[in-house]
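The values are calculated or read from the model by the stated rules, or taken from the named source; none is laboratory data. Keep in mind it's a predicted model, so treat the numbers as computed, not measured. Cβ: placed from backbone, ideal geometry, glycine included. Neighbour counts: every protein chain shown.
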Ligand SMILES: Nc1ncnc2c1ncn2[C@@H]1O[C@H](COP(=O)(O)OP(=O)(O)OP(=O)(O)O)[C@@H](O)[C@H]1O
Ligand SMILES: [Mg+2]
């Protein structure tokens, strides 16, 4: 609506996951490298957590665009399922035929047996199999336990299924529960995707405007950008909502520039007023929280390292202990992650220009652009 007014060819701040707008911040790149590293591992769980709207699903879509050959992926993003439904979805995603029992419905065991047979067969053909579950914070304890059992499928030398759990921060908390200790011990790598910093927020805004066709001066003045960071705390989805509304506000009052006052007014329209009013104090809390988190992260890194030594002795201790971005314990040494990251570097552009990876899905059907399972590869 306002695009032409600002010299843009299209809307810059839609909250749709349009791959053309993909912005690979350092932390998004690290998260992607983490997933790519994860699929090379030998089974167990890889965790990607992050704030609501931080870009986890965006990274996952990017990952799906560049899964290495010989890796078969099952992607489930609606995990409010029973254990049987989950297994049905996993079998569907891998395109596994589950033998029927005539009129009686197939059981959990039928699915596990069929999956096991498939994993052994594809493993013998040199394939890795990865199950990705997005929104994993919605999994029930029962289903998590079933997933754990799936990671027990193995040959003498290696695990047959790698599971990547992607979810909001409560996923981490869930794994601290005593009843999930067995699963937690099978986590071989974890990464927490933090929101953008202030400079990155500015770059993100400029990037989206540039992709939308901006040629001249950025419509948000410096103070406005600072306020956007305060109000959104660097969370991309919130940035999109706020910037979109602020541009609309400037447009409707015939102005070319967005200042702090317009941003504040827009925030009152798109966010809960109480949240907007507390933007500043919240930052202080976040800083205090970050210090605590840093300490926790170091502890987590230690726990990870201990766990990694038990479960994945070939993996180096996490570079995470030294890096705030990887504070929740990354899986690989700096060199390994660097290699995975540089491998990932070319792909965002590919993903960003690929028309294949666009829409959000309403069912557990594979996304367009998702690598085909073994049957068709
Ligand atoms: N790296 C990025 N580049 C461009 N846009 C992004 C990026 N990260 C997030 N976004 C924008 O923010 C929106 C929300 O991102 P996404 O759905 O990936 O977040 P999420 O962490 O999966 O959120 P949730 O916790 O709700 O599942 C995206 O649709 C996209 O518009
Ligand atoms: Mg998501």
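Worth pointing out:
- Subset of the stretch 5-22 [more than 16 Å from ligand 2 (Cβ to nearest atom) and closer than 17 Å to residue 218 by Cβ]: 5, 6, 7, 8, 9, 10, 11, 12, 13
- Residue match in the stretch 102-109 (condition: surrounded by 15 or more Cβ atoms within 10 Å (Cβ to Cβ) and away from ligand 2 (no atom under 16 Å from the Cβ)): yes
- Single residue of the stretch 174-185 satisfying the filter (part of a helix (DSSP H, G or I) and out of contact with any helix residue (DSSP H, G or I) (no Cβ under 7 Å at 6 or more places or on another chain)) that is nearest to residue 122 (Cα to Cα): 184
- Conditions (1) more than 16 Å from ligand 2 (Cβ to nearest atom); (2) modelled with pLDDT under 95; (3) crowded, with 24+ Cβ neighbours inside 10 Å; number of the one not met by residue 74: (2)
- All conditions but one from (1) more than 7 Å from ligand 1 (Cβ to nearest atom); (2) assigned by TED's automatic domain parsing to the domain that holds residue 237 apply to residue 42; the one that does not is (2).
- Test: residue 205 is crowded, with 22+ Cβ neighbours inside 10 Å and either outside the structural domain of residue 130 (by TED's automatic domain parsing) or within 17 Å of residue 257 (Cα to Cα) (or both): yes
- Verdict on residue 34 being touching a strand residue (DSSP E or B) at 6+ places or on another chain (Cβ under 6 Å) and in a helix (DSSP H, G or I): yes
- Sole residue being within 25 Å of residue 191 (Cα to Cα) and at pLDDT 95 or above, chosen from 48, 87: 48
- Of all the residues in the stretch 100-128, those that are assigned to a loop (DSSP other than H, G, I, E, B), at negative phi and touching a residue at least 24 places away in the same chain (Cβ under 8 Å) number 2.
- Residue 91 assigned to a helix (DSSP H, G or I) and within 13 Å of ligand 2 (Cβ to nearest atom): no
- Of the criteria (1) away from ligand 1 (no atom under 16 Å from the Cβ); (2) surrounded by 19 or more Cβ atoms within 10 Å (Cβ to Cβ); (3) within 26 Å of residue 85 (Cα to Cα), which one residue 164 fails: (1)
- Qualifying residue in the stretch 39-46 (condition: in contact (Cβ under 8 Å) with a residue 60 or more places away in the chain, in contact with a helix residue (DSSP H, G or I) (Cβ under 9 Å, 6 or more places away or on another chain), surrounded by fewer than 21 Cβ atoms within 10 Å (Cβ to Cβ) and over 16 Å from residue 131 (Cβ atoms)): no
- Selection within the stretch 47-77 - within 14 Å of ligand 1 (Cβ to nearest atom), touching a helix residue (DSSP H, G or I) at 6+ places or on another chain (Cβ under 8 Å) and part of a loop (DSSP other than H, G, I, E, B): 52, 53, 54, 55, 77
- Scanning the stretch 59-71 for residues that are closer than 23 Å to residue 174 by Cβ and surrounded by 24 or more Cβ atoms within 10 Å (Cβ to Cβ) returns 59, 63.
Let's see how each residue does on (1) more than 16 Å from ligand 2 (Cβ to nearest atom); (2) part of a loop (DSSP other than H, G, I, E, B); (3) free of Cβ contacts under 8 Å to residues at least 40 places away in the same chain:
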residue	(1), (2), (3)
130	yes, no, no
142	yes, no, no
146	yes, no, no
152	yes, yes, yes
157	yes, yes, yes
163	yes, no, no
166	no, no, no
172	no, no, no
